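Participant: To start, I am sharing the structure in question, which I have written as structure tokens.
The values are calculated or read from the model by the stated rules, or taken from the named source; none is laboratory data. Predicted model, so just to flag it, every value in this text is computed and none were measured. Don't worry about glycine lacking a Cβ; one is built from the backbone with ideal geometry, like all the others, and counts go over all protein chains shown.
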Amino acid sequence: MSTPAIHTAQSTITDEPYYEPVADEIDVFTAAYRNKLPVLLKGPTGCGKTRFVEYMAWRLARPMVTVACHDDLTASDLIGRYLVRGGETVWVDGPLTSAVRNGSICYLDEVVEARKDTSVVIHPLCDDRRLLPIEKLGEVLAAPPEFCLVISYNPGYQSVLKDLKQSTRQRFVALEFGYPKAEVEQTIIEKESGVDAASARQLIKFGHMTRNLKGSGLDEGASTRLLVNAAKLMHEGISPVIATDTAVAQALTDDEDMLQAVHELSRSIF
Amino acid sequence: MSDETRQNFLNRLRIQKDLEKFTAGALARHGNVEDIVTRIAALERRDQDFVYAWAELIARANHELAAHFVSRVATAFDRMERTGVEDWVDRAMETFDNRGLGFAIEVLEDVDTFARAYASRHVRCGFDDASAFLRHFVRGLGGRELRVAVDQSTFTDTESLYLPDAVNLFPEPEQNFTLYKLTAVHLWAQTWYGTWRYQVVERLLREFDADGPVAVFNRLECIRLEACIARDFPGLAREFNVYGHVDAAGDALWDDWRQRAATLTAAQASALDSLDLVDAFLELPLPPLRPYEGDMFAGRVRQALFARIEREKSALQRAMQELREQNEHGEAGGDDAQKQLVEVQTQDEDGSGGADVNFQVTIDGEVTPVPENMKDLLGSIMQDFGEIPDDHLEPLERGEYSDDLLPQRGDVDGDDDPDLNGTGTFTYREWDCVRQRFREGFCTLRELSVPPGDEGFVTATLEKHRGLLKSIKRSFEAVLGESRLQRRQADGDDIDIDALVEAFADVARGREMSEYLYTRYRNQERNIAVMFMVDMSGSTLGWVNDAEREALVLLCEALEMLGDRYAIFGFSGRTNKRCEVYRIKDFDESYTSAVRQRISGIRPKAYTRMGVAIRHLGQLLQRTQARTKLLITLSDGRPEDYGGYKGKYGIEDTRHALLELKQGGVHAFCVTIDNEAQEYLPHMYGPANFAVIDEVEKLPYKVADIYRRLTT
């Protein structure tokens, strides 16, 4: 059901989200925002794309609308639609429309998942016109300067039907995200979970081991998010091997041999 | 007499009486009845019940046999678990039925032999059980990808880990598994902590090329690696401790050596330090190798090492050349590109002395992002040298793009035999990366038809993979189920007028109004045309060919269900004048018995000239009507053909052909079984557009799975 999505949380972020910069992404984003340029975030899952947008929303003091895209997400899910209410039809704004009206940051997560017709609404918003045509209302909204569209996508995703078209991607300032460097990742794990430095270091080592397996049996290695999850379990007193088994290994794969390999890798460190 | 002993006494008396009853006195002839009864009385209650039940059963067949059973059963329980004892009894009864009492008694009496055989069957850790796990595990630990294989001796040549075919030193399967794992880890540690660095291998072979010194070097390295592992992998170190005992004398010897070679346990100690110590230790008694420690064959290492160094050096130079050219912003191959100074800085990430380092590549002082495949390459070179040697970074001579680049020759033999059952001849251009020009009309391609093979192969494949086919079909069905316009939804893209009219009618009549008033498309109609391009080069001979054919059979079944338009062509050839594609199934042909026979008739031919095949099949694909067009290549290696079409030339031409396709809106994807594909496939197909399948047997399953993922 996508109806609730229409009322997605349009939240103003009051507390500073924890974010550890990896390169000059904050400056680039800020510059893009000031110049009214839309931003494309590329990177594997769990490397901090969403957190980064939250952080930037807080920093720029703009409300933020997040839409998690799925393969049924249509243009009308973004723009809005008429609902039948008590024998009458009522227009309800979609998340993108309300973000444009309020000058928010609109974040379309995993945008390639969405249906192709969404590009119709994204395109005019992302060039210098910055317009959102609402066909059903016969209205064209001009985006205020505060509005910013951010989309994210994972280039490692293997589906020819879900590739970002050139015409779409060439409208964005693209920021590439990878897993952070070991030291940064360690800080992140410590701060997010509260584990000590030694455990964080071991977890990172374990994370790197799983990333070695990318392409030789695993589609992706353990993301920073998974490592943080494992660290949180460890902080609660769960033994490290069980924490990595449940928070990482099982999340990565169902393959028996691979599960065993990841399990033994964890045991070899802890 | 206390209550307990009294109870015991009565208990034993009862057991003796019962057993004597079962065996009708035969037990009495076994002499030490007292002893037998004591031991049976000591068994657990459920085991005693087991003895009773079987004694009674066997007695029905033969009293003497039952007596033998009773007299040996306690020993059997000592040696084996209950299931083992059951097997033992089963075997005895079977022997009795088939061969008579004498042989059956032999089986019962020889419980020790049976227990040993049983143990090795059930507790051993075999290569087949563990190889998939080990490959993943060792890859995870770090470093270059290592193959695992079975060999008489346990050793590594730095390309593969050679392991015994099974381990059954311990009574528990878990213990044997751990030992097997530790054996692999120990060999891996040699490749990771620099036992076989180039400098070490050279010196070892120069100064110590004899069994004695190599054995000493092996022991010293064991000590050093033990310390390395203890620093980096506390979990593994604990296990090594548990499994590292030989006997008191052996342990004492090891302790002695450890003390004498204390310098080797320091973090900065290297294999060269071990070499320095060899002379001093030559006269000492040699500690016995622990169960997980293998042999060393420096000659084998040298062979693998030298081949790899050559290969990786030229691969790195090629990769660097590309970086330089990219950096030149399009002035590819210009003189300036050659002059740029390329440096690789390495930072040891955790100071562990392992080969775990971060690389930073700078071109003329400017930091350049390191491509993923180059990281692996640099990592492997670091494992061999501990640094990136300067000569690896020297630019290639102008024009010399790669050491295996030969001048392109046209067809030399030119013996055209037009009598093949060809349906047409086409000419195509080819991209020459040396000239940076097309060679117009260079390749002549003929479209041939595969001679029909035995359709029985198809039936056999369907039979063999029955379960698999079911699951493939199920997952494809799920894809299909999505593509429909759904009416009367609670939510959707558009209003369902029919439902709305009904709803208003309901309201007018005072009934409750339905909330299901929308229509929605779950997914648009599939509109996909896919071309499968199958490698029919000579190298696919054998099971690769079988796996390819099986994969095609399963795929066809699945695709028939999806209704996607598809065609299958094989390709091969010899020289630019005799490129060939083999029609197996055309787009507008249905999956008939003729097609099945052609699939079965696919046989390895000659070489792999990929560019021209891609151009031809791409054109066929572009002529079809479909929204999404996909070219999937099944391949087993690099493009290669007679007359210089190999290495960089072949890869560049193929890449160019794929780029031409991409401009025409065709997506290309490659499924390969070549383990070295990482080196060239990302360059040819793009970083996410290929899949490497590590086991040929998995091809049939994987291809269907990949296709599903690609198109949903």
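Participant: Test A:R130 against the stated conditions and say whether it is at pLDDT 90 or above and either among the charged types (D, E, K, R) or farther than 22 Å from A:M64 by Cβ (or both). Break it down into steps so the answer makes sense when it comes.
Facilitator: Working: at pLDDT 90 or above: yes; either among the charged types (D, E, K, R) or farther than 22 Å from A:M64 by Cβ (or both): yes.
Considered against the rule, which asks whether it is at pLDDT 90 or above and either among the charged types (D, E, K, R) or farther than 22 Å from A:M64 by Cβ (or both), A:R130 comes out as yes.
Participant: On the basis of being within 30 Å of B:K629 (Cβ to Cβ) and either buried (at least 20 other Cβ atoms within 10 Å of the Cβ) or free of Cβ contacts under 8 Å to residues at least 60 places away in the same chain (or both), does A:G215 make the cut? Please lay out each step first, then the result.
Facilitator: Values: within 30 Å of B:K629 (Cβ to Cβ): yes; either buried (at least 20 other Cβ atoms within 10 Å of the Cβ) or free of Cβ contacts under 8 Å to residues at least 60 places away in the same chain (or both): yes.
So A:G215 fits the description; yes.
Participant: Return only the number of the condition from (1) over 30 Å from B:R29 (Cα atoms); (2) crowded, with 20+ Cβ neighbours inside 10 Å; (3) among the basic types (K, R) that B:R72 does not satisfy.
Facilitator: Evaluating B:R72 over (1) over 30 Å from B:R29 (Cα atoms); (2) crowded, with 20+ Cβ neighbours inside 10 Å; (3) among the basic types (K, R) leaves (1) as the failure.
Participant: Filter segment B:119-170 down to the residues that are over 25 Å from B:K375 (Cα atoms) and aliphatic (A, V, I, L, M) and list them by number.
Facilitator: In the first step, residues of segment B:119-170 are kept if they are over 25 Å from B:K375 (Cα atoms); the result is B:119-131, B:149-155, B:162-170.
Once the filter is applied, which keeps residues that are over 25 Å from B:K375 (Cα atoms) and aliphatic (A, V, I, L, M), segment B:119-170 yields B:A119, B:V123, B:A130, B:A149, B:V150, B:L163, B:A166, B:V167, B:L169.
Participant: If you don't mind, another one. What is the one condition in (1) within 14 Å of chain A (Cβ to nearest Cβ); (2) crowded, with 18+ Cβ neighbours inside 10 Å; (3) of a type in the set (K, R) that B:R219 does not satisfy?
Facilitator: Single failed check for B:R219: (1).
Participant: Only one of B:V111, B:V138 is of a type in the set (V, I, T), modelled with pLDDT of 85 or more and within 22 Å of A:H208 (Cβ to Cβ); which? Even if it seems obvious, please write down each step before you answer.
Facilitator: Details: B:V111 fails: within 22 Å of A:H208 (Cβ to Cβ).
Only one candidate passes the filter, namely B:V138.
Participant: Could you tell me which numbered condition B:T633 fails, if it satisfies all but one of (1) in contact with a strand residue (DSSP E or B) (Cβ under 8 Å, 6 or more places away or on another chain); (2) among the β-branched types (V, I, T); (3) not in a strand (DSSP E or B)?
Facilitator: So the condition that B:T633 fails would be (3).
Participant: When you look at B:A237, is it among the hydrophobic types (A, V, I, L, M, F, W, C) and away from chain A (no Cβ under 14 Å), yes or no?
Facilitator: Criteria not met by B:A237.
Participant: Moving to a separate point now. Among the residues that make up segment A:146-164, is at least one of them touching a strand residue (DSSP E or B) at 6+ places or on another chain (Cβ under 9 Å), away from chain B (no Cβ under 14 Å) and farther than 20 Å from A:K49 by Cβ?
Facilitator: yes
Participant: Every residue in segment A:84-128 that is assigned to a strand (DSSP E or B) and touching a residue at least 12 places away in the same chain (Cβ under 8 Å), please. Steps first, answer last, please.
Facilitator: Of segment A:84-128, the ones assigned to a strand (DSSP E or B) are A:84-85, A:88-93, A:105-109.
Matches in segment A:84-128: A:W91, A:V92, A:D93, A:I105, A:C106, A:Y107, A:L108, A:D109.
Participant: Let me ask something else. If only one of A:K181, A:K191, A:K205 is in contact (Cβ under 8 Å) with a residue 60 or more places away in the chain, at the interface with chain B (Cβ under 10 Å from one of its Cβ atoms) and surrounded by fewer than 17 Cβ atoms within 10 Å (Cβ to Cβ), which one is it? Break it down into steps so the answer makes sense when it comes.
Facilitator: Values: A:K191 fails: at the interface with chain B (Cβ under 10 Å from one of its Cβ atoms); A:K205 fails: surrounded by fewer than 17 Cβ atoms within 10 Å (Cβ to Cβ).
The match here is A:K181.
Participant: Among the residues of segment A:220-270, which ones are charged (D, E, K, R), more than 23 Å from the chain's Cα centre (by Cα) and more than 12 Å from every other protein chain (Cβ to nearest Cβ)? Even if it seems obvious, please write down each step before you answer.
Facilitator: First, the residues of segment A:220-270 that are charged (D, E, K, R): A:220, A:225, A:232, A:236, A:245, A:254-257, A:264, A:267.
Filter once more, keeping what is more than 23 Å from the chain's Cα centre (by Cα): A:236, A:245, A:254-257, A:264, A:267.
The answer is A:E236, A:D245, A:D254.
Participant: Right, another one. How many of the residues in segment B:111-137 are part of a helix (DSSP H, G or I) and within 19 Å of B:T156 (Cα to Cα)? Quick ask: steps written out before the conclusion?
Facilitator: Keep residues of segment B:111-137 that are part of a helix (DSSP H, G or I), which gives B:111-122, B:127-137.
If we keep only those that are within 19 Å of B:T156 (Cα to Cα) too, we end up with B:127-128, B:130-137.
So the answer is 10.
Participant: Hey, A:E113 hits all of (1) at pLDDT 90 or above; (2) surrounded by fewer than 20 Cβ atoms within 10 Å (Cβ to Cβ); (3) under 18 Å from the mean Cα position of the chain (by Cα); (4) not hydroxyl-bearing (S, T, Y) but one; which does it fall short on?
Facilitator: Here A:E113 meets the rest and fails (1).
Participant: Filter segment B:271-280 for residues that are surrounded by fewer than 19 Cβ atoms within 10 Å (Cβ to Cβ) and closer than 13 Å to B:I223 by Cβ and give the result. Steps first, please.
Facilitator: Quick first cut of segment B:271-280, residues surrounded by fewer than 19 Cβ atoms within 10 Å (Cβ to Cβ) only: B:272-273, B:276, B:279-280.
Residue satisfying the conditions is B:D273 alone.
Participant: Can you work out which of the residues in segment B:658-700 that are of a type in the set (G, A, S) and in contact with a strand residue (DSSP E or B) (Cβ under 7 Å, 6 or more places away or on another chain) is surrounded by the most Cβ atoms within 10 Å (Cβ to Cβ)? Talk me through it step by step, then tell me what you get.
Facilitator: Of the residues in segment B:658-700, the ones of a type in the set (G, A, S) are B:664-665, B:668, B:677, B:686, B:688, B:691.
Those still in the list that are in contact with a strand residue (DSSP E or B) (Cβ under 7 Å, 6 or more places away or on another chain) too: B:665, B:668, B:677, B:691.
Values: B:G665: 11, B:A668: 26, B:A677: 24, B:A691: 22.
For segment B:658-700, the residue satisfying everything is B:A668.
Participant: Working only within segment B:141-188, note down all residues that are within 11 Å of another protein chain (Cβ to nearest Cβ), out of contact with any strand residue (DSSP E or B) (no Cβ under 9 Å at 6 or more places or on another chain) and either of a type outside the set (V, I, T) or part of a loop (DSSP other than H, G, I, E, B) (or both).
Facilitator: The answer is B:L141, B:G142, B:G143, B:R144, B:E145, B:L182.
Participant: Here's something else I'd like to know. Mind listing just one residue for me: the one in segment A:36-74 that is among the small types (G, A, S) and buried (at least 22 other Cβ atoms within 10 Å of the Cβ) and, of those, farthest from A:A143 (Cα to Cα)?
Facilitator: Residues of segment A:36-74 that are among the small types (G, A, S), as a first pass: A:43, A:46, A:48, A:57, A:61, A:68.
So of that shortlist, the ones also buried (at least 22 other Cβ atoms within 10 Å of the Cβ) come out as A:48, A:57.
Details: A:G48: 27, A:A57: 17 Å.
Per the criteria, the residue is A:G48.
Participant: Considering only segment A:8-15, I want to know if a residue exists there that is surrounded by 14 or more Cβ atoms within 10 Å (Cβ to Cβ), assigned to a strand (DSSP E or B), on the phi < 0 side of the Ramachandran plot and of a type outside the set (F, W, Y). Spell out how you get there, then give the answer.
Facilitator: Keep residues of segment A:8-15 that are surrounded by 14 or more Cβ atoms within 10 Å (Cβ to Cβ), which gives A:8, A:10, A:13.
The next check asks that each one be assigned to a strand (DSSP E or B); those that pass are A:10.
Okay, now just the ones that are also on the phi < 0 side of the Ramachandran plot, so A:10.
With of a type outside the set (F, W, Y) added as a condition, the list becomes A:10.
Checking segment A:8-15: at least one residue is surrounded by 14 or more Cβ atoms within 10 Å (Cβ to Cβ), assigned to a strand (DSSP E or B), on the phi < 0 side of the Ramachandran plot and of a type outside the set (F, W, Y).
Participant: Run B:R627 past the list (1) more than 29 Å from B:W543 (Cβ to Cβ); (2) more than 14 Å from chain A (Cβ to nearest Cβ) and report the number of the one that doesn't hold.
Facilitator: (2)
Participant: Continuing with this model, one more query. Does segment B:677-690 contain any residue that is touching a residue at least 40 places away in the same chain (Cβ under 8 Å), among the aliphatic types (A, V, I, L, M) and more than 14 Å from chain A (Cβ to nearest Cβ)?
Facilitator: No: zero hits.
Participant: In segment B:636-658, which residues are away from every other protein chain (no Cβ under 14 Å) and within 25 Å of A:D163 (Cβ to Cβ)? It would help to see each step written out before you state the result.
Facilitator: To start, the set of residues in segment B:636-658 that are away from every other protein chain (no Cβ under 14 Å) comprises B:636-657.
Passing the criteria: B:P639, B:I651, B:E652, B:D653, B:T654, B:R655, B:H656, B:A657.
Participant: With the structure loaded, tell me whether A:G237 is more than 20 Å from A:A182 (Cα to Cα), surrounded by fewer than 20 Cβ atoms within 10 Å (Cβ to Cβ), out of contact with any Cys (no Cβ under 9 Å at 6 or more places or on another chain) and touching a residue at least 24 places away in the same chain (Cβ under 8 Å) or whether it fails that test.
Facilitator: Working: more than 20 Å from A:A182 (Cα to Cα): yes; surrounded by fewer than 20 Cβ atoms within 10 Å (Cβ to Cβ): yes; out of contact with any Cys (no Cβ under 9 Å at 6 or more places or on another chain): yes; touching a residue at least 24 places away in the same chain (Cβ under 8 Å): no.
For A:G237, the condition - more than 20 Å from A:A182 (Cα to Cα), surrounded by fewer than 20 Cβ atoms within 10 Å (Cβ to Cβ), out of contact with any Cys (no Cβ under 9 Å at 6 or more places or on another chain) and touching a residue at least 24 places away in the same chain (Cβ under 8 Å) - is not met.
Participant: While we're on this one: Given the structure, is B:V123 within 30 Å of B:F233 (Cα to Cα) and away from every other protein chain (no Cβ under 14 Å)?
Facilitator: Numbers: within 30 Å of B:F233 (Cα to Cα): yes; away from every other protein chain (no Cβ under 14 Å): yes.
For B:V123, the condition - within 30 Å of B:F233 (Cα to Cα) and away from every other protein chain (no Cβ under 14 Å) - is met.
Participant: Let me ask you something else. Give just the number: which of (1) in contact (Cβ under 8 Å) with a residue 60 or more places away in the chain; (2) of a type in the set (F, W, Y); (3) part of a helix (DSSP H, G or I) does B:W196 not satisfy?
Facilitator: If we test B:W196 against (1) in contact (Cβ under 8 Å) with a residue 60 or more places away in the chain; (2) of a type in the set (F, W, Y); (3) part of a helix (DSSP H, G or I), just (3) comes out false.
Participant: Regarding B:V148, is this residue farther than 29 Å from B:M80 by Cβ, crowded, with 23+ Cβ neighbours inside 10 Å and either in contact with a Gly (Cβ under 8 Å, 6 or more places away or on another chain) or in contact (Cβ under 8 Å) with a residue 24 or more places away in the chain (or both)? Spell out the reasoning first.
Facilitator: Numbers: farther than 29 Å from B:M80 by Cβ: yes; crowded, with 23+ Cβ neighbours inside 10 Å: no; either in contact with a Gly (Cβ under 8 Å, 6 or more places away or on another chain) or in contact (Cβ under 8 Å) with a residue 24 or more places away in the chain (or both): yes.
No; evaluated as a whole, the condition is false for this residue.
Participant: Which residues, taken from segment B:331-389, are in a helix (DSSP H, G or I) and modelled with pLDDT of 75 or more?
Facilitator: Matches in segment B:331-389: B:M374, B:K375, B:D376, B:L377, B:L378, B:G379, B:S380, B:I381, B:M382, B:Q383, B:D384, B:F385.
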